[in-house]
Every structure is written in C-alpha cells, then in structure tokens.
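Engineer: Please see the structure below; I have some questions.
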Amino acid sequence: MKYINNIGAYWLLMMKVFKKPVKPDVFRKQLWVEMESLGYESIGFVVLISVFMGAVVTIQTAFQIDGPLVPNWTVGFTVRQSVILEFSPTIISLFLAGKVGSRIASEIGTMKVTEQIDALEVMGINSASHLILPKIVAFMLINPVLIIFSMFTSILGGWVAGVGSDMVSSNDYIEGIMIFFNPYDITYAMIKTVIFAFIITTVSGYYGYKTTGGALEVGRSSTNAVVYSSIVMLFFNMILTQILLT
C-alpha cells in the first residue's frame, strides 16, 4: 500500500510540475543555472569514471580473447559496443543518480523543512513547477552531452590501456571501433539517456518535495531518491532494451 500511495503522490506532484511557468524569463534564467550545476559540474566526474572503465573493459576483453582464432580487432569492437549500448547510457546514469539525484533531493528537502516552499506558496507561486521543472528540462538537455563525453573518453581510455600495455595494436583497436558500426546504436543510447534523466530528476524532486521534519529526514530523502531512481532506471532499462533492440 505504501508503494501505491507513493506512485499516486508522485503523479499528482508531476501534474503540478508540468504547468506553464508563470514567468518564462525567470524559468529560462533558472534553466541555465541548473544546466551548469547539474551538467557542467559533472563533466569531470563522468570523464574520470569513463576513462578507467574503458581501460578496464579493454584489458579484460584482451585477456579473455587471447587466441589465434579470434581477430585482433575484436577488442575495439567489444569495447565500442559495451560502451555505447550499456556502459555510458546506463552505468554512468546510475552514477549520476547518486550525484545529481542526492543533490536535487537534499536541496529541495532543505527548502521544505525550512519552510521556504511554504513561503513560495503563500506568494502564489507554483513551488513544484518553479523548483522541479527547470531541473527536469536542464538535465534532459545536458545528460546526452555528458553521455557523449563518456562514450568518447571510455573508448579513448581503452585505446590508451590497450596500446600502452601492448595487448592490442593501435590499428587493430581503431579497426574494431569502426567495423560493423550501426548508427542506430547511438540513437538507442540517446533515447535511454533522455528517459533516465527524466527519471532521476522527477523521482529525486518528488522525494525532496515530500520531506518533512528536520536534517535527518533530508538525509533520508536523499538516500531514497538515489535508491528508487536507480531501481526505476534499471526497470525501464530492461523495457527499453526489449522495445528498441528487438
């Protein structure tokens, strides 16, 4: 019953969120602020993780397929497919759920327990739309850019690891990256990325907005935002993979 109540409360909140902003100029200004705080400040985090994960995938793949019957370009091909189809859009989004989701929930939760949201409502402002909608739109716009960065740096990190450790030659790795490339794989990844961005921001915004109590409850809301947005993302990852790749 608790989960059904949460789902119902979530949709009721979204009905308040997705209303036309009363002041479009304020919305556009806040949109740029959120794109910087949620996107620009996450670039270093995304690049660091992606470089090392690309290197790990390359080393593990080269180690597993070491044999005369397997072509040398298989390493680059495997890294490219792993990064584009699953690692960058899904795994990086899960990491961002922890960074971005907890930030959104704690920010809104703090405003709720300090009665700043009540003050907005008293002034006649739709607090849900004012606080949550710019975050949703901003992250849905900026998350695909972060994932493109992740794809590039993961493949680059794999190249550095493979060539640096002499497990695969540069020509073979690059050939593997190029061979049998299907542009639809990028489209598939971008569709997942946008939907995951929506899930992270709306679930985190919901848990932040429903916070009651004090500092302890703000921390609990941040934890719930990360946990449940990750669970919902994994569930939709399965559904989207079934729909888009079959």
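Engineer: Out of V83, V75, which single residue is buried (at least 18 other Cβ atoms within 10 Å of the Cβ) and farther than 23 Å from L146 by Cβ?
Structural biologist: Selected residue: V75, the only one of V83, V75 that is buried (at least 18 other Cβ atoms within 10 Å of the Cβ) and farther than 23 Å from L146 by Cβ.
Engineer: For the range 114-128, what are the residues that are surrounded by fewer than 18 Cβ atoms within 10 Å (Cβ to Cβ) and assigned to a helix (DSSP H, G or I)? Walk me through how you get there before you give the answer.
Structural biologist: Kept after step one, since they are surrounded by fewer than 18 Cβ atoms within 10 Å (Cβ to Cβ), are these residues of the range 114-128: 114-116, 118-126.
Result: Q116, D118, A119, L120, E121, V122.
Engineer: Please tell me if F180 is more than 28 Å from N224 (Cα to Cα) and exposed (fewer than 15 other Cβ atoms within 10 Å of the Cβ). Steps first, answer last, please.
Structural biologist: Numbers: more than 28 Å from N224 (Cα to Cα): yes; exposed (fewer than 15 other Cβ atoms within 10 Å of the Cβ): yes.
For F180, the condition - more than 28 Å from N224 (Cα to Cα) and exposed (fewer than 15 other Cβ atoms within 10 Å of the Cβ) - is met.
Engineer: Given the options F52, F27, name the one that is surrounded by 15 or more Cβ atoms within 10 Å (Cβ to Cβ) and out of contact with any Asp or Glu (no Cβ under 8 Å at 6 or more places or on another chain).
Structural biologist: Only one candidate qualifies: F27.
Engineer: Now for a separate question. What residue, of V232, V194, V203, is touching a residue at least 24 places away in the same chain (Cβ under 8 Å) and either touching an Asp or Glu at 6+ places or on another chain (Cβ under 7 Å) or over 21 Å from F45 (Cβ atoms) (or both)?
Structural biologist: When all the criteria are applied, what remains is V232.
Engineer: Against the conditions (1) acidic (D, E); (2) free of Cβ contacts under 8 Å to residues at least 24 places away in the same chain; (3) under 30 Å from R220 (Cβ atoms), where does D166 fall short? Just the number, please.
Structural biologist: Unmet for D166, out of (1) acidic (D, E); (2) free of Cβ contacts under 8 Å to residues at least 24 places away in the same chain; (3) under 30 Å from R220 (Cβ atoms): (3).
Engineer: Please work out which residue is nearest to A128 (Cα to Cα), limiting yourself to the range 222-246 and to residues that are at pLDDT below 90 and not β-branched (V, I, T).
Structural biologist: L244
Engineer: When only residues in the range 86-101 that are crowded, with 22+ Cβ neighbours inside 10 Å and polar (S, T, N, Q) count, which is nearest to P183 (Cα to Cα)?
Structural biologist: Only one residue tops the list, namely S88.
Engineer: Determine which member of the set A62, A9 is small (G, A, S) and within 30 Å of N171 (Cβ to Cβ).
Structural biologist: Sole residue among the options that is small (G, A, S) and within 30 Å of N171 (Cβ to Cβ): A62.
The values are calculated or read from the model by the stated rules, or taken from the named source; none is laboratory data. Here the structure is a predicted model, which means the values were calculated and not measured. Using ideal geometry, Cβ is built from the backbone for each residue, glycine included, and neighbour counts are taken over all protein chains shown.
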